[in-house]
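The values are calculated or read from the model by the stated rules, or taken from the named source; none is laboratory data. What you see is a predicted model, and the numbers here were worked out from it, not measured in a lab. All Cβ positions, even for glycine, are placed from backbone atoms using ideal geometry, and neighbour counts span all protein chains on display. The area values use the complete protein model at the heavy-atom level, side chains included, leaving out ligands, DNA and RNA. Shrake-Rupley method; radii C 1.70, N 1.55, O 1.52, S 1.80 Å.
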Amino acid sequence: MDLVVGSTGHLGFRICELLRARGREVRALVRPTSVSERTAALRAIGATLVEGDLRDPPSLEAACRGAETVYSTATAIVSRTPGDSLAGVDHDGQLALVRAAEGAGVGHFVFVSFPPADDVFPIQTGKRAVEAALRDARMTHTVVQASIFMEVWLSPALGFDPGAGTATVYGTGDQKISYVSLNDVAEFMVRAPQTPAAKNATIVVGGPEALSPHEVIARFEQATGRKFTVQHVPDEALKAQLDGAQDPVQKSFAGLGRFTAKGGAIPMEATARTFGVTLTPLSTYMERVLA
């Protein structure tokens, strides 16, 4: 039996789908207040819902009992309920989950993170603390450090709106980024327990090609036949927001913006071959978005 924490999020739900398709018994951690289309969808695919909260360690201990593998994707960076914070969920809550999993005798813990950024900001602090705790834990672990998600950073939520023909670009727009599909990240996570190279390892995951934001915009312009209106957020503005923000979420978004503005190509041929994952190209994401 596998436990998925963050099961109502896009990545966590996809992990549940993949596990169920493989015939795995899935226990999905949901909050007592979680009543939504996503919880109904979890039931529909055959997942067993168990109530719990990262801020409630005893509930985590109960959820972890009997689990062979724990997959954790939960975060308070986007979806928050009253009382949530990055410190409470992404740092303290995830550390409590690691302790609960270790105490319950879980065999493998798979955690989603992102490659190290140069700046210090709350969500990165939480990720690095959890990674360190997993390295010290008495159980097998895999950390999947994912690059920039297509479904997040190339979406209207962050200013990339093909329908409106507008795009927000962080930095110069010339930096190469290995945009990755969250569906592929889910595949890497689900395959980690069966992949020897993932045992007690950190796996950096990107997409099949490194493209600059300007190159991405050019492809969307060619596909839609319309010229995009582009707004640049210079690194200086992101640095000022990072230094001046008092809210941890705002500070984290500024730090992630600078992380995106720096870019970075991730060679993926060997990693994809090792895990047997066929990476999703930008063209596939474009077809889905523009359909």
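Remarks
- Qualifying residues in region 91-120 (those that are in contact with a Ser or Thr (Cβ under 8 Å, 6 or more places away or on another chain) and hydrophobic (A, V, I, L, M, F, W, C)) - the one nearest to L54 (Cα to Cα): L97
- Scanning region 265-290 for residues that are open to solvent by 30 Å² or more (accessible area, probe 1.4 Å), assigned to a helix (DSSP H, G or I) and under 30 Å from P234 (Cβ atoms) yields S283, V289, L290.
- Of all residues in region 240-264 being in a loop (DSSP other than H, G, I, E, B) and surrounded by 15 or more Cβ atoms within 10 Å (Cβ to Cβ), the one that is nearest to the chain's Cα centre (by Cα): G263
- Screening region 12-25 for residues that are outside any loop (DSSP other than H, G, I, E, B), open to solvent by 20 Å² or more (accessible area, probe 1.4 Å) and of a type outside the set (G, A, S) and picking the one that is farthest from N183 (Cα to Cα) gives R20.
- Within region 164-187, the residues that satisfy the criterion of being more than 21 Å from I15 (Cα to Cα) and out of contact with any helix residue (DSSP H, G or I) (no Cβ under 8 Å at 6 or more places or on another chain) are T166, K176, S178.
- Cross-chain or 6+ apart pairs with Cβ under 9 Å, region 235-256 first and within 17 Å of K127 (Cα to Cα), then hydroxyl-bearing (S, T, Y) and surrounded by 15 or more Cβ atoms within 10 Å (Cβ to Cβ): P248/S85; V249/S85; L256/Y170
- Scanning region 225-239 for residues that are on the phi > 0 side of the Ramachandran plot and open to solvent by less than 60 Å² (accessible area, probe 1.4 Å) returns no hits.
- Selection count, region 150-159, where residues are under 19 Å from Q250 (Cα atoms) and either among the hydroxyl-bearing types (S, T, Y) or touching a Leu at 6+ places or on another chain (Cβ under 6 Å) (or both): 1
- Where a residue in region 32-46 is modelled with pLDDT under 80 and its partner, wherever it lies, is open to solvent by less than 40 Å² (accessible area, probe 1.4 Å), with Cβ under 8 Å and at least six apart: P32/D53
- For region 170-221, the set of residues classified as open to solvent by 40 Å² or more (accessible area, probe 1.4 Å) and under 17 Å from the mean Cα position of the chain (by Cα) consists of N183, R191, T202, V204, listed by residue number.
- Count of residues meeting criterion [closer than 23 Å to A87 by Cα, touching a residue at least 24 places away in the same chain (Cβ under 8 Å) and touching a helix residue (DSSP H, G or I) at 6+ places or on another chain (Cβ under 7 Å)] in region 1-31: 10
- Members of region 26-56 found to be open to solvent by less than 20 Å² (accessible area, probe 1.4 Å), of a type in the set (G, A, S) and part of a loop (DSSP other than H, G, I, E, B), listed by number: A47, G52
- Some residue of region 176-193 being outside any loop (DSSP other than H, G, I, E, B), farther than 27 Å from R135 by Cβ and in contact with a His (Cβ under 6 Å, 6 or more places away or on another chain): no
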